[in-house]
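The structure under discussion appears below in the form of structure tokens.
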Amino acid sequence: MLGLIVGERATDRYAVEILAHAGIPFRTVTTKNLHPERTPICLLAGQKSLTTEERSRLQWFVQQGGSLIAVGTINGLDELLGVQFGGELEQGWIHLTSPHPIGSGLQSSLHVFGGVIARAKGDSQVIAEVVDSNDNVLGDAVIVRQVGQGQVIFIAPDLMRSVVHIQQGIAVTKDGTPAPDGSAPIDDGILKTEDGHVLDWQRDRMGWGQGTWDTGHGDEARKWVFFGQPIADELRALLLQAIFFAAQKKGLPLPMIWFWQEGLPAVGLISHDTDGNEPELAKDLLQTVQQLGITTTWCVIYPGGYPPSLYRAILDAGCEIALHFDAFTGTPFTTWSKRNLRIQWQWLKDAAGVAAVSNKNHYTRWEGRLEFFRWCEELGIRAEQSKGPSKHGTVGFLFGGSHPWRPLDDESNRPRFLNVTAINLFSQDMVSDDTLPEGLFHPAIVPVSVGKWLLRQTVRVGGVAHFIFHPAHIRRQGTKAALERLVILGHELGMRWQTSQQIIDWLEQRRSIRQVVENIGDRWRWRLKAAKPVEGLTLLRLLPAEKAHSADRFVYGFPFAQSIVALEGELASELG
Ligand SMILES: [Zn+2]
């Protein structure tokens with residue numbers, strides 16, 4: 001149903017990752033085998049050198065009723081797309097200008113990097129513009145146009161590159177530039193993930209005045225400023241909305257596998273970095289976690305660790321033992337090197353009997369851009385959780401979003417996806433809203449209202465909400481209450497709290513399902529094949545706009561019918 005033409009630039013192939021993570025079946029096509037009946041929707045992702053013949057073929061495809069979605073470059077298709085080239089886009093912000101299903105519900109600044117500046121011509125409908133940091137309009141960002149029996153949707157900013165750039169950032173070789181308002185002094189002489197972030201202090205953050213902080217004290221410092229909107233998640237969503245819209249317009253029952261098992265709206269992750277390795281504090285926190293009925297991820301720091309009985313208690317509670325790589329302290333085994341990562345991983349394996357599959361770096365230490373992911377891949381660490389804040393002004397969606405993501409190694413001659421999943425971290429410890437300023441015991445503390453906001457945003461986009469609570473701080477005033485409130489709100493919102501390992505196991509299992517959509521006459525058949533049985537698989541089928549009232553679930557504003565199945569071997573579903 002959906003054909004994908006991947007462009008020639010390294011980041012163009014991130015379209016594959018966006019579709020695969022979204023659970024949408026597609027097949028890669030060439031202009032030659034593109035067909036308005038078999039692959040009625042075609043996503044042309046990025047820059048592709050097209051011959052005159054290939055351009056004519058795309059023109060024919062649309063004339064005959066196909067839908068072409070082109071992203072990031074014009075590729076000489078000015079006439080077909082109905083646009084005029086106006087230069088390269090370095091960066092900008094997508095600004096939605098007219099209500100349309102594409103873009104509906106998106107709330108973030110939609111910061112984009114790369115793509116082209118374009119102007120719509122003639123009969124094209126402009127849905128969004130792209131503006132610069134001073135709100136000057138640079139060009140049109142999203143354009144929809146009818147051509148013959150078909151339609152074209154053109155998205156001028158390069159969504160694939162933008163998502164990669166926001167997630168992966170720039171190489172960390174020196175301190176980053178601190179926020180001008182003093183909320184994020186990331187120039188602290190410690191190389192860490194924040195130093196590589198690319199978002200904008202002004203346009204990409206939001207302010208939050210809350211409760212007693214706002215009214216009781218009236219101090220400007222109590223207005224919290226943080227990355228409150230998942231920009232990369234929304235750029236992914238924008239691409240999916242274009243596909244859903246194209247499918248709906250043609251009456252196609254587009255299928256997809258929802259992100260989470262049993263139709264869960266989103267997933268939560270609480271991790272504990274065991275800094276100090278104090279057993280009594282760990283027991284206290286473990287008891288709290290058990291009372292809350294959740295399982296959590298314990299990132300254990302070298303050296304020392306916990307007594308064997310405590311590791312057993314953590315595992316018996318269904319929690320995960322992971323590594324908390326220390327490349328901060330500076331002893332011979334705690335500096336930034338692959339060797340030390342291996343030594344610490346092996347130390348944990350010997351001490352706890354666990355070959356850790358998840359890791360978070362102490363103090364969110366980081367160097368370079370992708371090298372740490374490569375080390376993890378080599379060692380068999382499948383989930384990496386270090387991308388996150390160490391200051392309150394970088395709390396939230398600093399690396400774009402809540403969706404776990406696969407790094408793209410675009411630095412090698414042969415770009416490839418690394419076999420590691422990054423799960424972004426939202427925050428360090430939190431305290432209850434009534435905690436006084438003197439109770440803020442480190443520079444990244446935020447009140448739990450901020451956490452609740454992030455939780456609701458995560459549910460809105462269907463991702464993973466990831467918060468740290470350190471055993472070392474659990475007896476401080478307001479921290480236990482903050483943890484409890486967060487967990488309870490998550491349950492109220494229908495989320496499930498899982499360990500990093502559970503999350504990664506699920507995502508890998510889901511990703512291993514082979515999906516094919518076949519065209520049989522005027523009907524469609526969706527075939528799914530799993531090597532191992534999968535429980536609680538959530539199948540979705542796009543509904544026409546006029547059937548929205550009977551939708552089981554809305555995905556980025558579009559109505560879907562939902563069924564939850566156990567997949568054993570093969571399943572064929574008639575989509576109608
Ligand atoms: Zn730590």
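The values are calculated or read from the model by the stated rules, or taken from the named source; none is laboratory data. These numbers were taken from a predicted model, which means no experiment stands behind them. Cβ placement follows ideal geometry from the backbone for every residue including glycine, while neighbour counts extend to all protein chains displayed. What goes into the accessible areas is simple: the full protein's heavy atoms, side chains included, and nothing from ligands, DNA or RNA. Shrake-Rupley method; radii C 1.70, N 1.55, O 1.52, S 1.80 Å.
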Restricting the range 97-123 to residues that are touching a residue at least 40 places away in the same chain (Cβ under 8 Å) and aliphatic (A, V, I, L, M), the residue that is nearest to D204 (Cα to Cα): L110
Can you find a residue in the range 373-393 that is at pLDDT 95 or above, assigned to a strand (DSSP E or B) and within 23 Å of P303 (Cα to Cα)? yes
Here are some residues: V112, V116. Which one is in a strand (DSSP E or B) and under 20 Å from the mean Cα position of the chain (by Cα)? V112
Among the residues of the range 282-303, write down those that are within 13 Å of the ligand (Cβ to nearest atom) and either out of contact with any Cys (no Cβ under 8 Å at 6 or more places or on another chain) or open to solvent by 10 Å² or more (accessible area, probe 1.4 Å) (or both). C299, V300, I301, Y302
Qualifying residues in the range 60-103 (those that are within 18 Å of V152 (Cα to Cα) and polar (S, T, N, Q)) - the one modelled with the lowest pLDDT: S98
Just one of L539, L571, L486 is closer than 17 Å to A247 by Cβ and surrounded by 14 or more Cβ atoms within 10 Å (Cβ to Cβ); which is it? L539
Filter the helices (runs of 4 or more DSSP H) completely within the range 446-535 down to those with at least 2 residues that are in contact with a Pro (Cβ under 8 Å, 6 or more places away or on another chain) and at pLDDT 95 or above. 448-461, 500-511
When you scan the range 454-466, do you find a residue that is of a type outside the set (D, E, K, R), farther than 21 Å from Q385 by Cα and not assigned by TED's automatic domain parsing to the domain that holds V29, even just one? no
Conditions first: (1) away from the ligand (no atom under 16 Å from the Cβ); (2) open to solvent by less than 10 Å² (accessible area, probe 1.4 Å); (3) without any contact (Cβ under 8 Å) to a residue 40 or more places away in the chain; (4) not hydroxyl-bearing (S, T, Y). G380 passes all but one, so which condition is the exception? (2)
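Yes or no, residue by residue, for (1) hydroxyl-bearing (S, T, Y); (2) in contact with an Asp or Glu (Cβ under 6 Å, 6 or more places away or on another chain); (3) over 13 Å from K391 (Cβ atoms); (4) not assigned by TED's automatic domain parsing to the domain that holds V446:
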site: T173; (1), (2), (3), (4): yes, no, yes, yes
site: A179; (1), (2), (3), (4): no, no, no, yes
site: D187; (1), (2), (3), (4): no, yes, no, yes
site: G196; (1), (2), (3), (4): no, no, yes, yes
Members of the range 157-187 that are in contact with a Gly (Cβ under 9 Å, 6 or more places away or on another chain), open to solvent by 10 Å² or more (accessible area, probe 1.4 Å) and not small (G, A, S): R161, H165, I170, T173, D175, P178, D181, P185, D187
Need the failing condition index for K223 against (1) at pLDDT 95 or above; (2) surrounded by fewer than 21 Cβ atoms within 10 Å (Cβ to Cβ); (3) away from the ligand (no atom under 16 Å from the Cβ), just the number. (1)
Out of all the residues in the range 339-354, is one or more within 16 Å of the ligand (Cβ to nearest atom) and closer than 28 Å to S109 by Cβ? no
Take the range 265-281 and flag every residue that is within 14 Å of the ligand (Cβ to nearest atom) and out of contact with any Cys (no Cβ under 7 Å at 6 or more places or on another chain). D275, G276, N277, E278, L281
For N413: the one exception among (1) of a type outside the set (K, R); (2) modelled with pLDDT under 95; (3) touching a helix residue (DSSP H, G or I) at 6+ places or on another chain (Cβ under 9 Å): (3)
Count of the range 313-366 residues which are in a helix (DSSP H, G or I), open to solvent by 10 Å² or more (accessible area, probe 1.4 Å) and β-branched (V, I, T): 1
Search the range 309-329 for residues being within 14 Å of the ligand (Cβ to nearest atom) and of a type outside the set (A, V, I, L, M, F, W, C), and hand back the single one that is farthest from T288 (Cα to Cα). T329
I'd like to verify a number: residues in the range 175-214 that are farther than 30 Å from E17 by Cα and of a type in the set (D, E, K, R), how many? 5
Does K387 satisfy being charged (D, E, K, R), within 16 Å of the ligand (Cβ to nearest atom) and farther than 18 Å from H165 by Cβ? no
Subset of the range 1-41, residues out of contact with any Pro (no Cβ under 8 Å at 6 or more places or on another chain) and of a type in the set (D, E, K, R), comes to E8, R9, D12, E17, R27, K32, E37, R38
